[in-house]
Every structure is written in C-alpha cells, then in structure tokens.
Amino acid sequence: MSTSAIAHAGHTPTTTGLDHRKIAIWAFIGSECMLFASLISTYLIYKGRSRVGPFPHEWWCQTTNATSATGPIAGCPAGALFKPILNIPVTSQSTFVLLMSSLAMVLALAAVENKDKPGWAGPGFGGRILESSKLWLLATALLGAGFLCYQAYEFTSFVHEGLTIRTNLFGSSFFTLTGFHGAHVTAGVLWLLTLLAIDVKRGLGPRDALLVDISALYWHFVDVVWIAIFTLVYLIR
Amino acid sequence: MATTATAPAYAGAESHAESGLWSWLTTVDHKRIAALYLGTALFWFLVGGLEATIIRLQLALPNGNVVSAEKFNELFTMHGTTMIFLVVMPLSAAFFNLLIPLQIGARDVAFPRLNAFSYWVYLFGSIFLNVSWFVGSAPDGGWFGYTPLTTLAYSHNLNIDFWVLGLQILGVSSLAAGFNFITTIVNMRAPGMYFMRMPMFTWMSFITQFLIVLAFPVITIALVFLQFDRFFGTNFYEIAQGGDPLLWQHLFWIFGHPEVYILILPAFGLVSEILPTFSRKPLFGYPVMVYSGMLIAFLGFGVWAHHMFAVGMGPIANTVFGVTTMLIAIPTGVKIFNWVFTMWGGVLRFTTAMKFAITLVALFVIGGISGVMHASPPADLQQTDTYFVVAHFHYVLVAGSMMGLFGGVYYYYPKFTGRMLDEKLGSWHFWLFFIGVNLTFFPMHFAGLYGMPRRIYRYDVGQGWETFNLMSTIGVGFQILGVAIGFWNFWRSRTRGNIAGNDPWGAPTLEWSIPSPPPDYNFAKVPKVTSRYPLWDVKSPALTSNIPHSPAEEASLDIDVGGQHAGRVSRAIGNPPGGPVGASGEAPAGPSGPPPTPRRVPTAKELGIPMPNPSIKPLFVALFMTLMFASLIAIHKDKTQLAVALVIVFGSALTASLYGWLLTPLEDEH
C-alpha cells in the first residue's frame, strides 16, 4: 500500500483530455444538487406550518401559540414569551469562517500546482507562506472544523431553548437540512486531512494537483450550498 | 502480436487465475461483473415471478383462500419492488456493463473497482431486502410506500424498515454505477467515436445514467425523512404536527416517473441494436432517435404529478401535468415509427432476438396508448387504482422492458459466453411467453374498467370479474412454461450451444469485431471509428452507403436517403485475434452458418496491455456498508445503544476498507 498510488492513474489518454475523476466529481456534484434541492425545498414548503414553537423568525408564546413577527404579544403570560430562535449574528460568523476556508482551499491548490517552481509566490516570508501547501490544507481543514464547532454550538443552544428534531416541522426540516450539510463538511474535513497526511508523508506536487483539484471542487460546492442555506433559511424571513 | 502468440506458459497461468470462486469475488472485469449482474437478476426474476404466481393463484377464483390479506400485501409489495429494483434495473445494468465499453471501443469502465462495488452493493442489498421474509415481516406498503400508511402509527412492525433501508442500499449501487458509466461514455470513447456515432444502446444508457444520477437523490431524501420519522420521531409525515402526506407523494414521483424511463430506455436501446441487424438496414433516423431519447428523459422530469390526479391538486396542476404527459407520447411515437421504418424494406430474419424486439415495438404501443388515456385527468379519475392501471404498466414493463431485455439476452448471449442459444428452444420461450403475457395482462384492462380495484386480496362473485381473473391466472401458466424453457436454454447453451465466433449475426457495431467471449482487455488494438456502423463499412459497404461518414455530414441533419457516400469506408478496425473481420467477405448468414474454429486469444500480458488488478476490497466496502445500514433495524427494536455500537463498528470497518481500497493502486506500477 503506497500513498503515491492514489495519484497514479490516467496515464492512458482520454477522449476529452480530462481525468476520469474530474468528470465523475462533476457528475457527483450534479447529483448532490438534487439531494440538497430536495432538502431545501422541503424546508421551504414546511416554513410557517409548524403547530408549536420554537419558530425561526417569529416571537412565540408558549401557552397560546400566538405569534407575531413584530414583538411581544398582548395577552401572553409574563415569562412565557420567547425570542426567535435563529441567531443571525453568530451564523454570520460561521458563514464567514466557511467562506474563508474556500480561500484557503484555493491557495492550497495553487501551492500544490506550483510546487516545482520555488519562489513563484514572490520573495520573502509572505512568499514562503503562500508556497506551503501543508499550511493551506491544514488551514482549510481547521476552518471547516471551526464551522462544525459553530454548528455544534448552534445545535446545542437550540436544544437548550427547546427545539429538537422532534419538536415541530421546523425542527425536523432544519436539523435534517443543516445536519446533512454538516455531514458533508465533515466528510470534506476528513478528505482534506487525508490529503494533508499524504503531503506530510511524501509531499504533494504538480502531478498530484488533480487530487487537490477534485477535493477543492467538492469543498467549494459544499460552500455554495451553505450560501444557499444561509440565505434561504436564515436571512429571508 | 503474432510473435507473442506462441507463449504457452502464460496461457496456463492465466486460465488458472481466471477460474474459481476467488476470481469472481475479486473481479473488476466489466464483462464478468455483467455476468454476475445477469445471473443475480435472473435469480430474482424467478423470485419475483413466484410472488406474482401466488398473487394470481389467490385471485384466480372469487374468495380465494391461498394466502391471508397480510401476506397478500407483502407479496404485491415485494413483487413490485423486486421486479423494479432487483430485476429490470440490474438486468439493464448487466447490459450497461457488458456493452458500453465494448460499443465505444474501451478496455474497461472508467472505475473498474467502483463497478465491482456497485454489483456487491446490489447483491447484499437485495439479500437484505429479502431477509425480511425469513423474519416474518416483508415490506407491505406497496412499492410506492405512501405515507401515512408507512409511518410508525400505521405500520409499526419491521416491514417498512426493511423496505426503507433496502432501497437506500440499492440506491447507492445505482448512483455509483451512474457516475461510473457517465464518465466512461464521456471519457473513454475510441478515436473517431463521436457522440453522434455511438451505438443507440450506448446512447440510451447514457441518457438513463443521467436520469439515475438526478432522480435517485430525491428518493434518497424522501426515504431519509421516512426513516427519521420512524426511527427518531421527526414530523415530516406526521399530520398531527402539520406534516403533509403529499410531500412524500411529490418526492416519490419526482423520482418515480424518471424511474419508469430508467426501466424502459435501456430496453429501447437493445431493440435499436437488434432491429437494424436483422433487417440488414441502418437504424432509421438515428439523430432523431437520439434527440427523442433526450426529450423523453427531459420531459420525464416534468410529469410526476400525473400519478397524483386523484389526490385533489386542483384543475390547473392537473391540466399542466396532463398536457406535459401527453407531450411525451410524441418522442415515444417517433421512436416507434423509426423502428417500423427501420424494418420496412429490410431483409428481415426472424431470429428469437428479433421476435422479442418486434414484440416490444408492438406491445409497448398498447401500454403507451393506455398511458395517454391516463394522461387525461377525467379519464384517470375513473381508471386510477383499478386493474386498468395494472394492465397499463405491465404492458410497459413486461411486454416492453422484459421483452427487450430477453431479446437482448438472445442477441448478446453469444458475446457473453461464446456460444449460441438454441433457436428452437428460444422460439418456444418466445411464443409461450408472448401468449402468456397477453393472456395475463390484456384481460386486466377489462377487469379494471369493470371496476376491479388494485391491491384487493379477494373479491366476491357476481361482479363480472371472474372470467378475466381466471384468464390472467391461466396466462401466468404460459409465462412460467416460457420462462422455464428460456432458463433451461440459458443454462444448457453455456456448454452445449454452437460456437459463436466473433460476429454470428452479421452485426454492425464494434462489440462484434472482437472474439466471443471477449478477452479481458477487449480490444487488442484500440479501434479507429469512421462511422456509426464500422463493421458494415468493412463487410457490407453497400448497407452503409447512406449513412454519414464524416463529422460534417453528421452535423447536417438533412441526410439524403438516396445520397452516395460509398468509397469513404474505413478498414482500420484491426482486431485480429479470432480472425480478421470481414475476411470472408459478406457476413455469415446467421446461426446456421458453419462455426468458425476457435483460435487461442493472446493474453493481456502477451500483448503488453496493463490491466487492473483484481481486488476484494470493493466487496468488503459493500458488505460493511450494507451491515451498517442493516444495523439501524435495531433502533426499531428499542435497542438504540446496540444500533449505535454496530453502526460504529461497521462504519469503522467501512472506513478502513475504503482507505485500503483508495490507497491501493489499480494497476501495478510500471
């Protein structure tokens, strides 16, 4: 078992000139679009249909189920009034972290592609930083893991506020949608750490660029899905 | 090549390595995987047929007493699920595996080990689904599994859990194969094999893979919701919590209707190979056949709600879906007419394969016409949930898909095994099956119009259904006889059939230029393709004088039927092992021709062709994945901790074997 094997294929010319894995990852991404489209549509269809709180954007009153988008509800017993559950400031931070991971991914790919051209990124300390594929792979994985920490925090606080996957339609569709996305991020982090391990063991060079390239396609796709989720679930009321 | 052909040391070693159980468990050869798919799918065909037989025995006479209502529910659910997911799709997959690389001039699929993985997932998933019979709770919610009937409140045994998890497992198999074949067709075509020169079977398979890749994620999510509702108490289909049962129906049919085309398009492709060969004419309107296939697939995503006219979506939705459904009849009708025009004026040879193919064309029209009838919402309201619908989809799937697939088996058996099927037994198989199918399913139209509902397990006397039901059951007897003769034919011809040679039918496409069965590397020399019918260019140029031979000609759609392009044919196929193609001038007349003497085919090593190494890892990954899914059953038994433990154990084993797979090279370093 050798780690060089993973990059070793495609020595026969292909019809399109592209590696098989590149075609396959695009087909896979097309398929994933339908997966997330089904999840997001379900969330949107069930939006506002929950019979009991907590709700995503509306103030809610535990005893009467009466809600209002504007604020406190008349007739709600003191202490039974709850805030909308989605925390947009915190989620904006986690969104920023995930988007920065895409930047790190781009830099990691550039570093691997140019490994045979020392000094390509310019002189000095900054250039050496840009040339380190290990650094940027690690950064991408860590930022992805950071996003997952935010998600764990979010899920935990929601549960403390009384929203579980069983509570109502919002809980079911929200946790399933974001949970599926989180699972995709987790798979991506493991993929990046595997690449990092290969890089540490034998070094990734331009001939391995495809390996990083397809992981980058996957990673950017998962990011794009998050942008859709952040917009449709969090920002739009 | 000729010099290396005298190395007997290799021959012995190779043949030893290629036999035995271990070689089948570790194979990554697309032709052997095709054989595994074929054998497994034919086995499940017998199981699904047995289920159908019991159903028909129960319904043969009024107030039948063969099985209980509960068993009857399990039987029709498993009959549908088996025939769709374990028979027709894998039979199609057998042909994808065998033919796509051969037809495009490739040495294997793009990802040989992923291909093996797809098969093993299918095998283990199908076993898992049928284990339910032995624990006394086979799925019983219909193949469509409508909620809320399938939610925990109304179905609290393991039945539906087996169904949900089984379909999830099988979905992985289809998706993995979908990515694999899309990549193969896009990226592994031989030089000159432009898209508009691909054989029609490869085209229809290509379109089918897109349907699979885009439709399966939707049912995956629908099943995930149902699974979560049942296992974790979510509310997706809980009406008391505001959940909408129509969500399931929409998600299911967004998958379910493309699935119909996933089942029929490969059979259409096979027929489009068989008819030109036995008519000695190129396929009529090749570009239009390609475009109509694409159009069927595209429109197929916009018609799903015609399965739901009776649920009250309102007149606008019903009208839109009625119209889009009727539109599909246009490209389908185009295909039917093109097949008819392919045969028109041809030199027809009524081999068994040809009989099956013509029968698809004829009987699919019956299913198509009743399909257009349901497309009209007012008519559908009368027909829905009656035996009329049962008659409709059996005409499409048995008289359509199965006829095409049987035709494919008769046509390609020589390429699979190197031996011919017996034409006399084949004729018995065909005629008994043909009579049986029509006797079984045609009376169902009338039973349905007289008001007999689907899925009832017994009916009272005096409603006018007795004769039709008895006829249907007698028809099953004919089908059983036909299939029994066919299977006997498949079995005995492996060793006793006539030697086939490269091209027993005088066919036009690349797969017939190489020995039967093909060597593991398929093509000793990768062919260069200059037209849609490379073998006819060489053997019978007169047949292909009307088809385009250059990209410019292919780009122009106004193909002159009387135009002459003779003289531009290529002789660059060049795959000698087994006798050069066209050496004897005209193609052999057919199966009655003298069998060519088998010559030893050189091995890949002798030719210096790098071949992928066999690997047991795809089997392990598939096994651990299936076990991981299967462990979730324990949640239902209130053993959540056991389930979590098992999922962790099998998940770790899955991850370990997956890393073992990915870090092992496909081929030896060189």
Residue count for the stretch A:4-23, restricted to those that are modelled with pLDDT under 80, within 8 Å of chain B (Cβ to nearest Cβ) and closer than 12 Å to A:D213 by Cβ: 0
Single residue of A:T176, A:T164 found to be under 18 Å from the mean Cα position of the chain (by Cα) and β-branched (V, I, T): A:T176
Subset tally (residues that are touching a Pro at 6+ places or on another chain (Cβ under 7 Å) and either without any contact (Cβ under 8 Å) to a residue 40 or more places away in the chain or surrounded by 23 or more Cβ atoms within 10 Å (Cβ to Cβ) (or both)) for the stretch B:284-295: 1
First in the stretch A:102-128 and within 20 Å of A:R207 (Cβ to Cβ), second anywhere and in a loop (DSSP other than H, G, I, E, B) and among the aromatic types (F, W, Y), Cβ under 6 Å, 6 or more apart: A:N114/A:W120
Enumerated helices (runs of 4 or more DSSP H) restricted to the stretch B:16-133, each holding at least 1 residues that are over 30 Å from B:P518 (Cα atoms): B:30-59, B:69-81
Of all residues in the stretch B:236-250 being surrounded by fewer than 24 Cβ atoms within 10 Å (Cβ to Cβ) and facing chain A (nearest Cβ under 7 Å), the one that is nearest to B:L91 (Cα to Cα): B:L247
Residues (more than 12 Å from every other protein chain (Cβ to nearest Cβ) and surrounded by fewer than 13 Cβ atoms within 10 Å (Cβ to Cβ)) located in the stretch B:639-670: B:Q641, B:I648, B:S652
Qualifying position, being surrounded by 23 or more Cβ atoms within 10 Å (Cβ to Cβ), of a type in the set (A, V, I, L, M, F, W, C) and farther than 18 Å from B:V164 by Cβ, among B:A138, B:A110: B:A110
Cβ pairs under 8 Å, 6+ apart, first in the stretch B:198-220 and more than 22 Å from B:G145 (Cβ to Cβ), second of a type in the set (S, T, N, Q) and not in a helix (DSSP H, G or I): B:P199/B:T509
Residue list for the stretch B:437-468, filter: buried (at least 17 other Cβ atoms within 10 Å of the Cβ) and under 18 Å from B:A69 (Cα atoms): B:M452, B:Y457, B:Y459
Candidates B:L627, B:L663 - the one that is aliphatic (A, V, I, L, M) and modelled with pLDDT under 90: B:L663
Complete set of residues in the stretch B:377-390 that are surrounded by 18 or more Cβ atoms within 10 Å (Cβ to Cβ) and either under 21 Å from the mean Cα position of the chain (by Cα) or not hydrophobic (A, V, I, L, M, F, W, C) (or both): B:P377, B:D380, B:Q383, B:T384, B:T386, B:Y387, B:V390
Qualifying helices (runs of 4 or more DSSP H) (wholly inside the stretch B:332-439; at least 2 residues being in contact with a Pro (Cβ under 7 Å, 6 or more places away or on another chain), in contact (Cβ under 8 Å) with a residue 40 or more places away in the chain and closer than 29 Å to B:S516 by Cα): B:403-417
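Here's the yes/no breakdown for (1) in contact with a helix residue (DSSP H, G or I) (Cβ under 8 Å, 6 or more places away or on another chain); (2) among the polar types (S, T, N, Q):
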position: A:A141; (1), (2): yes, no
position: A:A145; (1), (2): yes, no
position: A:Y150; (1), (2): yes, no
position: A:Y153; (1), (2): yes, no
position: A:S157; (1), (2): no, yes
position: A:G162; (1), (2): no, no
position: A:F174; (1), (2): yes, no
Matching residues, the stretch B:191-235, being assigned to a loop (DSSP other than H, G, I, E, B) and either at the interface with chain A (Cβ under 7 Å from one of its Cβ atoms) or crowded, with 22+ Cβ neighbours inside 10 Å (or both): B:M193, B:M198, B:P199, B:G233, B:T234, B:N235
Hits in the stretch A:151-170 (condition: surrounded by fewer than 17 Cβ atoms within 10 Å (Cβ to Cβ) and touching a residue at least 12 places away in the same chain (Cβ under 8 Å)): A:Y153, A:S157, A:E161, A:G162
Residue within the stretch B:426-448 that is modelled with pLDDT of 95 or more and more than 24 Å from B:F364 (Cβ to Cβ) present: no
Checklist (1) more than 27 Å from the chain's Cα centre (by Cα); (2) among the β-branched types (V, I, T); (3) modelled with pLDDT of 95 or more applied to B:I254, failing item: (1)
Residues (among the aliphatic types (A, V, I, L, M) and either surrounded by fewer than 24 Cβ atoms within 10 Å (Cβ to Cβ) or closer than 18 Å to B:I160 by Cβ (or both)) located in the stretch B:72-102: B:L75, B:M78, B:I84, B:L86
Top-ranked residue in the stretch B:411-429 [being in contact with a Gly (Cβ under 6 Å, 6 or more places away or on another chain) and not hydrophobic (A, V, I, L, M, F, W, C); ranked as surrounded by the most Cβ atoms within 10 Å (Cβ to Cβ)]: B:H429
Matching entry among A:L107, A:L86 (being within 30 Å of B:G233 (Cβ to Cβ) and under 21 Å from the mean Cα position of the chain (by Cα)): A:L86
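Each row is one residue, and each column tells you yes or no for (1) closer than 30 Å to A:I45 by Cα; (2) of a type in the set (S, T, N, Q); (3) within 14 Å of another protein chain (Cβ to nearest Cβ).
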position: A:M105; (1), (2), (3): no, no, no
position: A:A108; (1), (2), (3): no, no, no
position: A:L135; (1), (2), (3): no, no, no
position: A:V159; (1), (2), (3): yes, no, yes
position: A:T164; (1), (2), (3): yes, yes, yes
The stretch A:182-217: number of residues that are surrounded by fewer than 22 Cβ atoms within 10 Å (Cβ to Cβ), within 13 Å of chain B (Cβ to nearest Cβ) and either of a type outside the set (G, A, S) or in a loop (DSSP other than H, G, I, E, B) (or both): 11
Qualifying positions in the stretch B:344-364 - charged (D, E, K, R) and within 10 Å of B:T277 (Cβ to Cβ): B:R349
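The values are calculated or read from the model by the stated rules, or taken from the named source; none is laboratory data. These numbers were taken from a predicted model, which means no experiment stands behind them. In this analysis, Cβ positions are derived from the backbone assuming ideal geometry, glycine residues included, and neighbour counts consider all displayed protein chains.
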